[in-house]
Structures are given as structure tokens and as C-alpha cells.
Amino acid sequence: MAANSEAKPVRDWQEIFPWLILFRSVRVAIGFRLLLLAALGLVGMVAGWRLCWDFVAYAPDETGVQVLADPVLMQLGARHDGTVPPWPWELSYRSFGDQGVLASLSGLPYIGPIIGTAAVTVTELTLPFQMLFRQDLTYRGLAYALVCCAWALVIWGYFGAMITRIVAVKLTQDEMVSFKKAGRFARQRCCSYMSAPLIPLLGIFGLGVPIALLGLVSNFDFGVLIAGVLWPLVLCIGFVMAILLIGLIFGWPMMYSTISTEGTDAFDAISRSYAYVFQRPFHYLFYTILATIIGSIGWVMIHGIIDILVYSTHWSFDWGLSSERSIQLFYGDIQEGVAGWGCNLIRLWQGFLRTLTTAFAIGFLFSGMTAVYLLLRRQVDGVELDEVQLDEEAEHGLPVLSGADVQKTETEGQGEN
């Protein structure tokens, strides 16, 4: 054997296939830190929405009984058995409905439950934002939607910021950021995180004001004539509103990723997300579809592990129970006495496990879109995948010397010479 045999070159597969970073984003999303942050954000957001529902949705009737006083909220209440929205541990076990394309897909074998659960999760967690664009929305429903949207921006302006910061540093530097550092980073830029999705939304509503005034005038016959004359201008305004809305729908997760990666403000986040969506639409769709497929595999793995865990626990627990007692504990309605407390604790812990499946979906949304942002940044701006703004760089470098320290050092050096 020749002593000077040449070593085989090591291939960097991520350099050849950059989209492999999406697989790493799944591994990060499965981590306990992201699951915990996403679960806390979910529970906090839903708790705020349910509290707002209790204050806004109900009003006393003629007899003084609290009833749903808004037709839109009545529809939502009927769909959710009177309480909006369901807790995160209830999302994975709800049917998607009985009509529509997605409802039909949810009945397919193997992939049907995945599509149905994903559709339910997206629908429930974006419900207040959907309500803002309903044409039959009343003032009470608008108040509920505005308060819930504001609360969601606050919650994810902190928890989403921490998640994307942890993911950005992990994907670029392969380092794990602590809760303390991620929280400090999020608090320092909390206004940027909260206002980044809000600014385009305010722009959409601001452009809608003159159109609404034209609609108000159209209650009279001469107003309809004025609307007909100005309709080309109305369509132009509607085009701008559509651009803002499309960019917001597809780009808002990347706004958080931009701030967490670059350490910039809301305006840079809006500029980059809109630019990447509209300048590289096919790349964006390719990366997003691929991320969805990869994330679905991760969701199946998380969901399957939790289902097996719960089943094996019930299976072994039933060894010491009679069948009647088992049905009474797990499927009955024991609410009183010590047994009632025990059943509630069992439901609490199992609800926490079920929340992790929905938490993974939220965590991977931020994690996967951070990877998509890094890929699109590489395509548009030519920035490598391993570049990120690190606030801790000064901590690892040489200490900064003051003028007195420099003068003292020079004096000591001259004395030695």
C-alpha cells in the first residue's frame, strides 16, 4: 500500500443541497426547550382568548340571563359547544367538519388525519385574524377579534421571539442559547417583534378607510354614481391591499426570523419578508412545501410516541382495575371527592402530553420558517447560512480598555524598557 495515498475528500452535503437545513429544523423543534416555549405560548394565548370571550361575547337579555348577543359569536359558540376557542390539548382530537375540500381530504387513509389535524390547528389558532375580514362582523365581534389579535401579538412577540432566536443560533452556529439569553434578546426587541406583523395589518385597514367612506356615501343614489366613477381607483387601492395581505399571510413568520437572525427592527423584517416572498415565489413555495412534508413526518413521530405512551400506561394501569372501574375513571364523569381530584390530575397530565403535539406544530412553524428565511436570504442576498448576529460576541472577545488603562499600560511598558 502506498504511504502517500491521497485521502478522499469529505463532501459537504448541505453545501450541495442547502435545503437539508430543513431536516435540522425538525430536530430543533422536537427539542424540549422549543416544545415547552410553544406549549406555554399556546396555553397563554388560549387562556387570554377564553377570558376575553367571557367578557365580550355575553350580554344580559330581557330577563337578565347572560346569553350570546352577537350572531357571529353565536355561530362560533355553536361550533365549539359554547366556548371559544378549545384548549390546545383538544385540537388534535377534533374533526375538521363535514364539507369542503380539506374535509374530504381528512377522510383519506394514512394522510387524512394529518391533513385534518393540521387544518383544524391552523383554523383555530388564526380564528381572530380571520374574523377581522368577515363581512358580517358586528361591533361586538370586532371588539372580540381586535382584543384577541392584540393578545396574540403580545404572546408570540415574546415566546415566538425566544423560539426563533434559539433556532437561528442553533441552525447557524450549532450552539444552544439558554432561556435567559433568549429571553433577554426578546425583551430588548419586543416592540419590533410585536409591531412587525401589525404595521402591514394597519396599512390594510388604513387603505380600507376611504373605500368604507365611499360605501357609506353609496347608501344614497348619487353615491352609487360616484362609486361607479371612482371604481378604477378603488380597484387600484384594492390591489395594494391584496399585495399587503398576501405578503403578510406568507411572510409574517419570517418577520420574527429576520429580527432573531439579524438583530434588526420591524421595518427591516417587513422589507426582507416581503422581498423574499415576491422576488423568489417559486423558491419560497418549494421550501415551504418541503418543510411541510418534513414537519408532517415529525408530527407523526411525536403524535405516535405520545399515543403509544398513553396507551401503554392505560394498558398496564388496567391490570389492577376492574373493567367497570376503568371505564368510570377514564370515560366517566367523576367530579366529587378524592377520586374526582385524582381523575382531574390524570386528565391534566394527559392533556399536557397532548398539548405537546400541537406545540410541536407551532414550534416547527417558527423553526421551519427560520430555515426557509436562511435559504431565501442566501438566494436573494448571497449571505451564507452560518451568519447570524450575536450579541454575546463582546463577552468572548478582549476587554475594552479605557483611556486611563491605555495610558497606564504604555507607562508600564516604558518603565520596563
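Building the convex hull from the alpha-carbon atoms of segment 274-384 and averaging its projection over directions returns 9.8 nm².
Counting neighbouring beta carbons within 10 Å and listing from fewest to most, the residues 190, 149, 236 come out as 236, 190, 149. Taking every Cα-Cα distance in segment 214-320 and sorting them into 10 Å bins from zero, the calculated P(r) comes out as 12, 21, 19, 18, 15, 9, 4, 2, 0 percent. If you plug the beta carbon distance of residue 249 and residue 324 into 1/(1 + (r/R0)^6) with R0 = 41 Å, you get a FRET efficiency near 0.20. Sorting 324, 262, 387 from the fewest to the most surrounding beta carbons within 10 angstrom yields 324, 387, 262. Residue separation of residue 132 and residue 353 scaled by 0.36 nm, minus their Cα-Cα distance, works out to 76.3 nm of gained length.
Is segment 233-278 rounded, prolate or oblate when judged by the Cα gyration tensor, a ≥ b ≥ c being the square roots of its eigenvalues, rounded requiring a/c under 1.5 and prolate requiring a/b larger than b/c?
It comes out prolate by the Cα gyration axes.
Between residue 297 and residue 390, what is 0.36 nm times their sequence separation minus the Cα-Cα distance? Round to one decimal in nm.
Separation in residues times 0.36 nm, less the Cα-Cα distance, equals 30.3 nm.
Cα extents for segment 196-245 along the principal axes, largest to smallest and rounded to whole angstrom: 41, 17, 9.
Cβ crowding within 10 Å, taken as a proxy for footprinting-reagent exposure, orders 315, 53 from fewest neighbours to most as 315, 53.
Since every read-out is calculated from the coordinates, none of them should be taken as a lab result. Because the structure is a prediction, the values reported are computed rather than measured. Backbone-built Cβ (ideal geometry, glycine too); neighbour counts: all protein chains shown.
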